[in-house]
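First up is the structure itself, then whatever we jot down about it.
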Amino acid sequence: MTPRCFSPTRRRFLGAALALGATAALGAPRMARASLAPPSGQVILTVSGAVGLTNAEGAAAFDLALLDALPQRDTITATPWHEGRPRFSGPTIASVLGAAGATGSSLRIVALNDYAAEMPMEDARGIPVILATRIDGQEISVRDKGPLFVIYPFDERPDLFNEVYFGRSVWQVSRVEVLA
Amino acid sequence: MKRWRRRSDWSGPRALRWGLAVLSGLSLVLLVNVLHLFGLLGESRRAMDDSVREDAMWAVYQTDRQVSRLTAAIDGALWHGVGSSLGSVVEAYDILYSRAQLLENGSFSLKFEGTDSLSPQAALVREGILGLAPAVDALAEARSVPALRDLRDRVAPVQADTAELVLRTNAALDQAIVAQREEVRRLQQRLGLNVGLLVVGFAGIVTLLALQMRLIAAAGRKLAILGERNRAVAKRARAASRAKSTFLATMSHEIRTPLNGIIGTAELMTHADLSVEQARHLSMIR
């Protein structure tokens, strides 16, 4: 007879409502992403390999606008290559892979100068790694190691601050190959 | 003779105690030293230095490689025509520009302590690369073959400087590796020496302790013998005392009997008629 306690039926109703809401929230962007829009500006990232959604020949091509439309994340961290603790922002790798419908076990991230590093899919899915498009709100030029810079959240996860992850922190990213 | 023996009995344990104290102190000092050396040997700073030096080498290599790519891009543009390949020249230069920042003066000299010839060369390369920017910007404006040739003429000395930097960095890296190996070897030797001395010290302590145990056991045995002897002496003394008591008791009895007779008879004689002379003698007995 305590008024604060929900009756079982009422609780079930609440649960159903919550589930409905969640499905609606998740469903909307997924519907919109079912076909990848073609890039309108200069392509700065090409995701190829085991990708399900394409807008170019066997690959998903992104311009800055397409990347900006994906879920963004801010990572404020120190890195070995920057002074102080800049604010890096950009889409998470997981959201980029989601947009390209990628299914694979690892990624090969290739830079403009053909430097390449392999990133296990666990990193992309389990760690909020971003492809930074901006530093402190400013777009990154090639001369400042842009346009895309792989940024691990070093400050949140100090255990990542070592050479293995420095090697995976590719800058001047131009391509991502999804390896099956 | 007796005094000398007593002194030798005492100085043994005292010397032992002194020896133990000195050895314990020495061992403690050695132990602290060993721990310190061990800490030095395992210090993480060294590993970090290694990694930083390798990063520097990698940065220099990549810079050299990118200069070559820029040269190749310029040659490609000269061959295929300025219009089609200018983008790749500018991109190659932009990548090179981003690399040049990694050759910063301060951190570079930090990475190779003791090899001072390196950081001026790194600064030279860095300034050479950054100095190409106006020529590249002019090329992007003019899009002409003369501008491209001009850029190529400017890149050539930079390429020579980067090649030189690669060689010097490699040599410095080798020197650093040798110096570090030498340092590790020296530390290991010192550590070995200290551990050896420590073992000797402990062996000394164990020996002295064993000696002390033996001395203590010997002293205990001596004490036991002395106690036994004392007991025997006491027993003998008690027997003598008892004999004396028995003798005295018997003797007094033997004397008392005739004495009573004499005293009684003297008493009786006082009632008899005695001459003056006799009376005087009698009073002497009483």
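Coordinate-derived values only; no laboratory data. Only a predicted model underlies this, so the values are computations on that prediction, with no experimental measurement involved. FYI the Cβ positions are ideal-geometry reconstructions off the backbone, even for glycines, and counts take in every protein chain you see.
Send over the Kirkwood Rh of the protein assembly as shown, from the inverse of the averaged 1/r over different Cα pairs, rounded to one decimal Å. About 32.4 Å for the protein assembly as shown. Altogether, the Stokes-Einstein calculation at 25 °C and 0.890 mPa s, with the Kirkwood radius of the stretch A:62-136 over Cα pairs as Rh, returns a diffusion coefficient of 184 µm²/s. The relative contact order of the stretch A:84-180 comes to 37 percent, based on Cα pairs under 8 Å that sit 6 or more residues apart.
Per-peptide packing, taken as the mean over residues of other Cβ atoms within 10 Å, places B:200-211, B:159-170 in the sequence B:159-170, B:200-211 from highest down. For chain B, the Kirkwood radius over C-alpha pairs fed into Stokes-Einstein at 4 °C and 1.567 mPa s yields D = 43 µm² per second.
Each residue, B:ILE262 and A:ALA180, gets one label point 7 Å from its Cα in the Cβ direction; the gap between the two is 14.8 nm. Averaging the Cα positions of each part gives two centres, and for the stretch B:47-102 and the stretch B:147-182 these lie 13 Å apart.
Seen against the Cα atoms of chain B and their longest principal axis, helix B:276-285 is set at about 20 degrees.
Counting only helical runs of four or more DSSP H residues, what would the 222 nm mean residue ellipticity of the protein assembly as shown come to if each run contributes -39,500 (n - 2.57) and the total is spread over all its residues?
On the way: 13 runs with 313 residues, N = 466.
After summing the helix terms and dividing by the residues of the protein assembly as shown, the value is -23500 deg cm²/dmol.
For chain B, relative contact order (Cα pairs under 8 Å, six or more residues apart, normalised by length) works out to 25 percent.
When only Cα pairs below 8 angstrom with a gap of at least 6 residues are kept, the stretch B:38-201 shows a relative contact order of 30 percent. Working note: Karplus 6.51/-1.76/1.60 with θ = phi - 60° gives the stretch B:195-205 the couplings 5, x, 4, 4, 4, 4, x, 5, 4, x, 4 Hz, where Gly and Pro are set to x.
Take each residue in B:89-97, count the other chain C-beta atoms within 10 Å of its C-beta, and the mean is 4.
For the stretch A:93-180, evaluate the Debye formula with one uniform point scatterer on each Cα (no solvent term) and list log10 I(q)/I(0) at q = 0.16, 0.18 Å⁻¹, rounded to two decimals. Debye output, listed in q order: -0.61, -0.78. Directionally averaged projected area (the stretch B:38-201, Cα convex hull): 10.5 nm². Here the peptides A:61-70, B:80-89, B:235-244, B:173-182 are ranked by packing, the mean other Cβ count within 10 Å, and the order with the highest first is A:61-70, B:80-89, B:173-182, B:235-244. Let me make sure I get this right: for the stretch A:35-179, a, b and c are the square roots of the gyration tensor eigenvalues over alpha carbons, sorted descending. Under 1.5 in a/c it's rounded, otherwise prolate if a/b > b/c, else oblate. Which is it? It is prolate, given that a/c is not under 1.5 and a/b is the larger ratio.
Lysine pair count for the protein assembly as shown with Cα-Cα distance under 25 Å and sequence separation of 8 or more or different chains is 4. Here each label is just a point 7 Å from Cα along the line to Cβ, and for B:VAL199 and A:SER40 those points are 8.0 nm apart. Computed from backbone phi with θ = phi - 60° and the Karplus coefficients 6.51, -1.76 and 1.60, the 3J(HN,Hα) list for the stretch B:149-162 is 5, 4, 4, 4, 5, 7, 6, 3, x, 4, 5, 4, 5, 5 Hz; x is used for glycine and proline.
Just tell me how shielded A:135-142 is by partners: mean number of partner chain Cβ atoms within 10 Å of each residue's Cβ, no decimals.
2
Note on A:110-117: average number of Cβ atoms from other chains within 10 Å of each residue's Cβ is 3.
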